Amino acid sequence: MSRWHRVTTAEDLTGRRAVVTGANTGLGFRTALDLAALGAHVTLAVRRPERGEQAAERIRRAGAPGGIDVAALDLGDLATVHRFARDRSEPVDVLVNNAGLMMVPRREITIDGFESQMGVNHLGHFALTALLYERLSPDARVVSLSSIAHRSARRLDHGMGLVGDYDPATAYGQSKLAVLLFTAELHRRLAAVGSGIRAVAAHPGWSATAEGPAPQDDPGLQVRIGRAATALLGTRPAHGARSQVHAASASGVRSGDFWGPRFLTAGMPHPARTSRAATDPADAEWLWAESERLTGVLFRP
């Protein structure tokens with residue numbers, strides 16, 4: 001396994017504590033490795049702890065100076081989100097909301113009754129951020145992973161993926177639009193109370209985000225073509241993770257920023273543009289209230 005790459009604009013994270021969701025593979029693993037390389041103690045928040053332990057051992061073997069631990073977290077099950085948050089006793093300096101589902105072939109429903117991509121990519125992370133809020137340090141960063149696919153969503157679907165016909169790409173784009181609206185509203189609310197916590201979003205460009213072959217889930221032609229093209233042309237996780245590592249660690253990152261590679265598959269982290277839909281204050285406020293209602297978690301910074 002290759003060693004980490006140094007982020008030249010990063011701050012030293014020695015003594016800082018980070019939580020990375022979905023950290024056993026792909027972008028999450030690489031993000032955890034790079035944050036540990038900068039000295040952070042990183043909690044790998046993963047759905048399958050046994051795979052998390054394997055990932056933790058890989059990071060230790062790479063020689064990263066930061067500490068590593070593993071904790072169970074299933075963003076598709078709010079009970080485990082509550083349990084994960086209750087078990088945190090130390091301050092959290094960096095929360096990387098990385099885990100996600102991408103182009104699930106059929107409409108699947110989480111344990112709590114949400115369309116799975118919206119449920120995991122946004123609602124689970126909304127609840128996690130809310131429940132960890134009191135443990136965030138005064139200058140913490142909340143980094144949430146969006147995608148260039150958010151541009152495919154012209155307007156936030158107030159049906160939250162449960163109404164009408166289901167399309168994998170549409171549902172994915174909606175979930176990543178929700179991530180940006182959440183980040184914008186979190187930034188607004190933090191600024192209103194004079195908080196030093198930074199809410200930042202990032203995207204990996206066109207990246208092959210998961211390691212290994214896709215599961216054999218009879219995905220349909222559209223999803224198969226997308227996966228094949230991404231595997232062939234997308235960047236590796238070591239490159240795709242740079243934007244969220246930058247957002248989590250670099251000096252000069254401001255709350256409300258959106259970072260991505262300068263080009264689709266090349267370039268160092270650079271300020272990225274959002275779609276008009278991602279800056280709609282009415283939809284951002286509506287999404288916040290609806291997320292509170294659906295998850296049952298009040299989030300009042």
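The values are calculated or read from the model by the stated rules, or taken from the named source; none is laboratory data. Keep in mind that this is a model prediction, so the values were computed, not measured. Glycine gets a Cβ as well: all are built from the backbone with ideal geometry, and neighbour counts include every protein chain shown.
Within region 133-152, restricting attention to residues that are modelled with pLDDT under 95 and over 16 Å from the mean Cα position of the chain (by Cα), which residue is farthest from GLY240 (Cα to Cα)? Step by step, filter region 133-152, then rank; the result is SER152.
Table: residues versus (1) touching a Phe, Trp or Tyr at 6+ places or on another chain (Cβ under 6 Å); (2) over 16 Å from PHE182 (Cβ atoms).
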residue	(1), (2)
ARG262	no, yes
THR274	yes, no
ALA277	no, no
LEU287	no, no
ARG293	no, no
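When LEU27, LEU35, LEU44 are checked against the criterion of being free of Cβ contacts under 8 Å to residues at least 60 places away in the same chain and under 17 Å from the mean Cα position of the chain (by Cα), LEU44 stands alone in meeting it. All of ASP34, ASP93, ASP74 fail the test of being under 21 Å from VAL245 (Cβ atoms) and either among the aliphatic types (A, V, I, L, M) or not in a helix (DSSP H, G or I) (or both), apart from ASP93. In the condition set (1) on the phi < 0 side of the Ramachandran plot; (2) surrounded by fewer than 21 Cβ atoms within 10 Å (Cβ to Cβ), GLY63 is compliant with all but (1). Cβ-Cβ contacts under 9 Å between residues 6 or more apart (or on different chains), taken from a first residue in region 58-71 that is over 12 Å from HIS41 (Cα atoms) to a second residue that is aliphatic (A, V, I, L, M) and surrounded by fewer than 22 Cβ atoms within 10 Å (Cβ to Cβ), are listed as ARG58/MET1; ARG61/MET1; ALA62/MET1. Determine if region 99-122 includes at least one residue that is crowded, with 20+ Cβ neighbours inside 10 Å, assigned to a strand (DSSP E or B) and among the β-branched types (Val, Ile, Thr). No, region 99-122 has no match at all.
When every residue of region 240-251 is checked against the conditions, at least one turns out to be out of contact with any Cys (no Cβ under 9 Å at 6 or more places or on another chain), modelled with pLDDT of 95 or more and surrounded by fewer than 22 Cβ atoms within 10 Å (Cβ to Cβ). Being under 16 Å from the mean Cα position of the chain (by Cα), at pLDDT 95 or above and among the polar types (S, T, N, Q) is a condition met by at least one residue of region 86-102.
Here is a check on your reading of the model: is VAL142 among the β-branched types (Val, Ile, Thr) and part of a helix (DSSP H, G or I)? Lay out the reasoning, then the answer.
Values: among the β-branched types (Val, Ile, Thr): yes; part of a helix (DSSP H, G or I): no.
The answer is no for VAL142.
Of all residues in region 279-301, those satisfying the criterion of being over 21 Å from ILE111 (Cα atoms) and in a loop (DSSP other than H, G, I, E, B) are ASP280, PHE299, ARG300, PRO301. Pairing each residue of region 277-301 that is at positive phi with any residue that is at pLDDT 95 or above and in a helix (DSSP H, G or I), provided the two are 6+ apart or on different chains, yields C-beta distances under 9 Å for GLY296/LEU78; GLY296/ALA127. As a summary of the residue check, ARG276 satisfies the conditions (1) of a type in the set (D, E, K, R); (2) surrounded by 14 or more Cβ atoms within 10 Å (Cβ to Cβ); (3) at pLDDT 95 or above except for the one numbered (2).
With the structure loaded, tell me whether VAL223 is hydrophobic (A, V, I, L, M, F, W, C) and modelled with pLDDT of 95 or more or whether it fails that test. In short, no.
Before we move on, is THR183 at pLDDT below 95 and polar (S, T, N, Q)? It would help to see each step written out before you state the result.
Values: at pLDDT below 95: no; polar (S, T, N, Q): yes.
So THR183 fails the test.
Within region 66-97, the set of residues being among the polar types (S, T, N, Q) and buried (at least 16 other Cβ atoms within 10 Å of the Cβ) comprises THR80, ASN97.
Does region 145-180 hold any residues that are assigned to a loop (DSSP other than H, G, I, E, B) and either touching a His at 6+ places or on another chain (Cβ under 8 Å) or without any contact (Cβ under 8 Å) to a residue 60 or more places away in the chain (or both), and which are they? Step through it out loud before you land on a result.
If we filter region 145-180 for residues that are assigned to a loop (DSSP other than H, G, I, E, B), which is where we start, we get 146-147, 153-167.
Selection gives SER146, SER147, ASP157, GLY159, GLY161, LEU162, VAL163, GLY164, ASP165, ASP167.
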